[in-house]
Amino acid sequence: MRAVYDLYGKGDNVETWFQEAPHNYNQPNREAMYAFFGKHVLGVTDPSRFKEGSIHIEKLQDMLVLMNRKLPDNALSFEQLFDEWKRFSREQTGDRRERLTFALAAEWPREVLSQVDGERIVLGRAGRGDRIPGIWLKGTGSGGATPVLVVHPEGAQAARQSPEVARLIAEGRSVLMVDAFQTGSAVAPRDRSAKMFLTFNKSDDANRVQDVLTALAWLHTPKMRLVGLGKASVWCLFAAAVADEPVELEANLGSFTGTDQEFVDSFFVPGLQRAGGLLAAKELAGVN
């Protein structure tokens with residue numbers, strides 16, 4: 001890092017301080033930070049000026065309001081608190097689409113890369129390193145019939161065998177089918193055992209929504225048609241809800257009603273309920 005700063009004549013703006021210790025922000029850490037900012041912000045180069053003085057550390061029971069104490073009689077239970085949290089979410093104002101987009105960590109890609117070899121196709125976002133295999137069947141109909149993206153929970157090959165795709169092919173439509181994240185040929189080992197895995201990584205379902213968006217952006221027709229089959233219907237609903245362009249959605253959610261447990265079991269994206277959940281997605285996608 002210092003070498004990069006040296007290129008701009010600012011190598012002295014990079015300093016390193018190391019100690020053998022677990023992750024923390026203890027006194028030596030803090031004093032190193034004080035000295036760095038003291039020098040670069042205040043122009044004071046004497047680090048002894050930034051040593052911490054003696055402080056009185058409060059007792060734990062004095063800092064924790066309910067340390068070994070009885071809850072107040074009017075205290076909310078966890079379930080009641082969670083209900084309040086959801087009520088606040090429903091009543092919040094602002095851009096629902098933006099909130100869902102942030103919760104999904106999704107984007108409408110400005111550029112979609114593609115490689116076509118016969119019926120096989122691979123899509124990806126420029127600069128992202130993702131790879132979405134699929135099947136691309138060019139239609140036989142004339143007049144520029146709207147192409148259709150079909151997403152099956154078991155991948156492109158399973159979609160191709162479905163009666164829905166057979167119907168679309170009979171209509172002469174162009175049909176794109178993809179192996180969304182961890183489906184079909186895109187299934188690959190993914191170690192989720194790391195602590196705080198979802199702090200630094202998107203969930204499988206969030207990645208599936210992104211793959212649907214990328215495929216739609218590749219089609220890029222004035223009004224795209226999207227068909228979700230089985231469990232993929234929920235992926236497609238949320239993709240249609242946050243898409244930058246209008247999407248004609250055909251998706252049967254079946255028994256999925258958007259309860260907390262259903263999201264945990266069938267469409268796990270942390271924070272999605274707080275962003276509006278199923279109700280917001282259906283309203284944005286124009287689904288009853």
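Tabulated results
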{"quantity": "Formal net charge of residues neighbouring residue 251 (Cβ-Cβ distance under 14 Å; K, R +1; D, E -1)", "calculated": "+1"}
{"quantity": "Per-selection Kirkwood Rh - the stretch 190-288 (Cα, Å, 1 d.p.)", "calculated": "14.1"}
{"quantity": "Computed E for residue 25/residue 64 - FRET, C-beta separation, R0 25 angstrom, nearest 0.05", "calculated": "0.80"}
{"quantity": "Net +/- balance of residues flanking residue 134 in space, Cβ distance below 12 Å, scoring K and R +1, D and E -1", "calculated": "-1"}
{"quantity": "Spatial separation of Cα centroids for the stretch 165-204 and the stretch 24-58, in angstrom", "calculated": "50"}
{"quantity": "Sequence of 235, 218 once ranked by neighbouring C-beta atoms within 10 Å, starting from the fewest", "calculated": "218, 235"}
{"quantity": "Placed amide H near residue 139: partners under 5 Å, 5+ positions off or other chain", "calculated": "174, 175"}
{"quantity": "Least to most buried among 220, 40, 152 (fewest other Cβ within 10 Å first)", "calculated": "220, 40, 152"}
{"quantity": "Candidates 158, 188, 232, ranked by Gaussian network fluctuation over the chain, Cα under 10 Å, top entry", "calculated": "188"}
{"quantity": "For the chain, fraction of C-alpha pairs farther apart than 27 Å, in %", "calculated": "57"}
{"quantity": "Among 176, 66, 42, residue whose mean-square fluctuation peaks in a GNM of the chain (springs only between Cα atoms under 10 Å)", "calculated": "42"}
{"quantity": "Karplus-derived HN-Hα couplings along the stretch 7-22 (A = 6.51, B = -1.76, C = 1.60, θ = phi - 60°), whole Hz, x at Gly and Pro", "calculated": "4, 9, x, 10, x, 5, 7, 10, 9, 10, 9, 9, 9, 7, 6, x"}
{"quantity": "Residues 18, 263, 36 arranged by fewest to most Cβ contacts within 10 Å", "calculated": "18, 36, 263"}
{"quantity": "Alpha-carbon centroids, the stretch 103-133 and the stretch 219-267: separation in whole Å", "calculated": "19"}
{"quantity": "Peptides 254-261, 268-275 ordered by average Cβ neighbours within 10 Å, highest first", "calculated": "268-275, 254-261"}
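Rule-based calculations on the coordinates, nothing more; no lab input. Remember, predicted model here, so these are calculated numbers, not experimental data. Using ideal geometry, Cβ is built from the backbone for each residue, glycine included, and neighbour counts are taken over all protein chains shown.
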